[in-house]
1. Would you point out the residue of segment 114-124, among those that are of a type outside the set (S, T, N, Q) and at pLDDT below 95, that is farthest from ligand 2 (Cβ to nearest atom)?
2. Hey, among the residues in segment 202-245 that are open to solvent by 70 Å² or more (accessible area, probe 1.4 Å) and aliphatic (A, V, I, L, M), which one's farthest from LEU32 (Cα to Cα)?
3. Please verify whether SER122 is part of a strand (DSSP E or B) and among the hydroxyl-bearing types (Ser, Thr, Tyr), treating the condition exactly as stated.
4. Does segment 110-140 hold any residues that are within 23 Å of ARG210 (Cβ to Cβ) and of a type in the set (S, T, N, Q), and which are they?
5. If you scan segment 68-111, which residues turn out to be out of contact with any Asp or Glu (no Cβ under 7 Å at 6 or more places or on another chain) and within 14 Å of ligand 1 (Cβ to nearest atom)?
6. Of all residues in segment 147-162 being under 18 Å from ASN209 (Cβ atoms) and surrounded by fewer than 20 Cβ atoms within 10 Å (Cβ to Cβ), which is nearest to ligand 1 (Cβ to nearest atom)?
7. I'm checking my understanding of the structure. Among residues of segment 26-41 that are of a type outside the set (Val, Ile, Thr) and within 16 Å of ligand 1 (Cβ to nearest atom), which one is surrounded by the most Cβ atoms within 10 Å (Cβ to Cβ)?
Amino acid sequence: MTLRFSVLASGSTGNAFYIESEQQRLLVDAGLSGKKMDGLFGEIDVDPSRLDGILVTHEHSDHIKGLGIFARKYNLPIYANEKTWQAMDNSLGKLTIDQKFQFDMDSIRSFGDIEVESFGVSHDAAEPMFYTFRSNGQKVALVTDLGYVSERIKKTVEDADAYIFEANHDVEMLRMGRYPWNVKRRILGDSGHVSNEDSGLALADIISNRTKRIYLAHLSLDNNMKDLARMSVNQILAERGIELELHDTDPEAPTPLYEVSTVTERV
Ligand SMILES: [Zn+2]
Ligand SMILES: [Zn+2]
């Protein structure tokens, strides 16, 4: 009886996250075309017709591109907060009333044996929120698309078995890069995305002895590299005496289904 998950895709070209327990199969965001979503599920050998529902983090297209199509194809309920519904409703196409559910920010909702907690993040969307998943004493935290990591967020996501955590850009690469200044300012600001360095600093505060697995997520294609992200975050963790292998995510390929272990691997 454990949680298993896969980061199906991560990055500004499209995001999707899958998590399952014995009883439940949940998708968070469907930011790629319906066809690509099917392909990603195929790669991890999960049948999307067996999903129980889709949770939405926010209305940016890299999180909802395939949402309407996918929900219609498999007749799935969608859960999002009221402001996110208002912001995305017109772009989803036709959905039936029994496909639309409200999941408020800063609330807890049970999906079978998975308890999902939502929490707000500072990001330039209507009411962006991310989630932690609890089942059988295990905890998985999904945290991307945030401008900065507040103490409140840290408190909510601390002490998890596994993290999918944003490491969006290398500040120097972004500064030197070709983006116009207003875009740079957005990314670097409190409502944009978290840098490698800030990601490392936040992780150093929130991980605990029970943390076994970290995936660095939502890497910028232009302003980051997998090696650089891992190295930067690793260095900050090492300075705090934390040694943990960091795992990559990819915009095109899913991470293998990972089963949260009940055994503590670190001391
Ligand atoms: Zn976003
Ligand atoms: Zn995003």
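The values are calculated or read from the model by the stated rules, or taken from the named source; none is laboratory data. Model, not experiment: these values are computed from the prediction. Backbone-built Cβ (ideal geometry, glycine too); neighbour counts: all protein chains shown. These area figures cover heavy atoms from the full protein model, side chains too; ligands, DNA and RNA do not enter into them. Shrake-Rupley method; radii C 1.70, N 1.55, O 1.52, S 1.80 Å.
1. It comes out as ASP124.
2. Filtering segment 202-245 for residues that are open to solvent by 70 Å² or more (accessible area, probe 1.4 Å) and aliphatic (A, V, I, L, M), the one farthest from LEU32 (Cα to Cα) comes out as MET231.
3. Working: part of a strand (DSSP E or B): no; among the hydroxyl-bearing types (Ser, Thr, Tyr): yes.
No: the conditions fail for SER122.
4. SER110, SER118, THR132, SER135, ASN136, GLN138, listed by residue number.
5. Passing the criteria: only ALA80.
6. LYS154
7. Residues of segment 26-41 that are of a type outside the set (Val, Ile, Thr), as a first pass: 26-27, 29-41.
If we keep only those that are within 16 Å of ligand 1 (Cβ to nearest atom) as well, we get 29-32.
On the way: ASP29: 27, ALA30: 30, GLY31: 28, LEU32: 25.
Out of the qualifying residues, it is ALA30.
To keep it simple, each residue is scored yes or no on (1) among the hydroxyl-bearing types (Ser, Thr, Tyr); (2) more than 16 Å from ligand 2 (Cβ to nearest atom).
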{"residue": "TYR163", "(1), (2)": "yes, yes"}
{"residue": "ARG178", "(1), (2)": "no, yes"}
{"residue": "ASN182", "(1), (2)": "no, yes"}
{"residue": "ILE187", "(1), (2)": "no, no"}
{"residue": "ALA204", "(1), (2)": "no, yes"}
{"residue": "LYS226", "(1), (2)": "no, yes"}
